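For reference, the structure discussed in these notes is given below.
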Amino acid sequence: MRRVLLVLALVLAAPARAAWFTDNGDREALTVLRDKPAAGLSATEVALLTAANRTGWIDIPACGWGSNAVLVNVGGVDYAITSLHLLVARLPGDVHCEPDDPALFYPYAAYRGPGDPALRELSRVTVELEPMPVNFTRSGVAMPWVQDWVAYRLTRPVSDEIMPEGTWGAGQPRGAMQWSSRQHSAGPVWVLGYDGRFHRENGWQFSWQECGQRRQRFGMAVIYFSCDISPGASSSPIMVMEAGEMTLQGIVSASMEPWIGTDTALPESALFWNLGTASEGMQRRLEHHAAP
């Protein structure tokens, strides 16, 4: 466990570099998936498009930082979950952004990209977030992986908004990402959201990928997953397919590039795969926070 904590600290201390595994398939632009005829979509593709409506972007203008975010609803309250390392820096007490800095949530971020200008305009819609997110700490990047998340409360709900014309699920409520019914020890997962390298190669847009995950037998808090990630992918949802929809297993936290290099084949040992923070601790904390 101490070794993994040290690795995580080293990775988060060097956010400008990341692993990009090259033998497990490539990310695909969400716009490509959205442009397919609806009648020809698989159940998984339908679930991904629905999950994209529940995946957004957080921007903190005062400090110039932003990240992926996942929309959940707990106790009737909408929260946007993102990475703690969006706010904190290397050393305890050192921060990029203060927890009371004004922050914005972009609920239609998945619609930014090439295509319909009306959808690009929609992607600029913002909702203000309440200050002082749940689970904020000034512990620095060496925090245990179970702490690498925060949840901002939205100042108005968006999960019950009707999706507008031109969007996936138009005429239906957006909904919120559901928690996974259990934390899977292995099997397929899907990652969805913004990724820095994909942006450089394809323009600013969301992408997705299916890959594998593994968990340590003695603990479920850290997710080892084999999807391609690069700087900017933090806070992307790591999802499993349950009962026809994507549910939240966790969020992307860090890569293992300092140990294995860039543009390399997928390591045989899952201990050298990229890292995610599991959702079960988030669920418990938010349910306690939202309780009357």
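Annotations
- Looking at the chain, the accessible area is 42 square angstrom per residue; that uses a 1.4 Å probe and ignores ligands, DNA and RNA.
- Structural descriptor for the stretch 149-282: relative contact order 23 percent, calculated from alpha carbon pairs under 8 angstrom and at least 6 residues apart.
- Within the listed set THR82, THR167, THR277, the residue fluctuating most in the Gaussian network model of the chain (springs between alpha-carbon atoms under 10 angstrom) is THR167.
- Fraction of beta bridges assigned by DSSP in the chain that are antiparallel (%, nearest 5): 95 percent
- Furthest towards positive pole of dipole, ALA254, THR50, SER67, structure part the chain, Cβ charges: ALA254
- Note on exposure: THR50, THR262, THR55 ranked by accessible area (1.4 Å probe, complete protein assembly) read THR262, THR50, THR55, with the most exposed listed first.
- Exposure check, 1.4 Å probe, all protein chains in place: GLU280 carries approximately 70 Å² of accessible surface.
- About its Cα centre, the dipole of the stretch 138-292 is roughly 560 debye, where the only charges are +1 on Lys and Arg Cβ and -1 on Asp and Glu Cβ.
- Normalising the average separation of contacting C-alpha pairs (under 8 angstrom, six or more residues apart) by the number of residues puts the relative contact order of the chain at 25 percent.
- Nearest-20 debye value, the chain charge dipole, Cβ charges on Lys, Arg, Asp, Glu: 680 debye
- Remark on the chain: all cysteines pair up, each with another cysteine beta carbon under 4.7 Å.
- Ligands, DNA and RNA left out, the 1.4 Å accessible surface of the chain is 53% carbon and sulfur atoms.
- Extension gain for the segment GLU130 to ARG285, taken as residue separation times 0.36 nm less the Cα-Cα distance, is 54.1 nm to one decimal.
- Accessible area (Å², 1.4 Å probe, nearest 10) - TRP273: 20 Å²
- Given their separation in residues at 0.36 nm each and the Cα-Cα distance between them, ASP94 and ARG182 gain 28.2 nm when the chain is fully extended.
- Net charge of Cβ neighbours under 15 Å - reference ARG174; Lys, Arg +1; Asp, Glu -1: -3
- Charge dipole (the chain, unit charges on Cβ, about Cα centre) - positive-most of PRO237, THR167, TRP149: TRP149
- Area of ASP59 that stays accessible when all protein chains are in place (1.4 Å probe, Å², to 10): 40 Å²
The values are calculated or read from the model by the stated rules, or taken from the named source; none is laboratory data. These numbers were taken from a predicted model, which means no experiment stands behind them. Cβ coordinates were reconstructed from backbone atoms using ideal geometry, including for glycine residues, and neighbour counts include every protein chain displayed. Please note that ligands, DNA and RNA were not included when accessible areas were found on the heavy atoms of the full protein model with its side chains. Shrake-Rupley method; radii C 1.70, N 1.55, O 1.52, S 1.80 Å.
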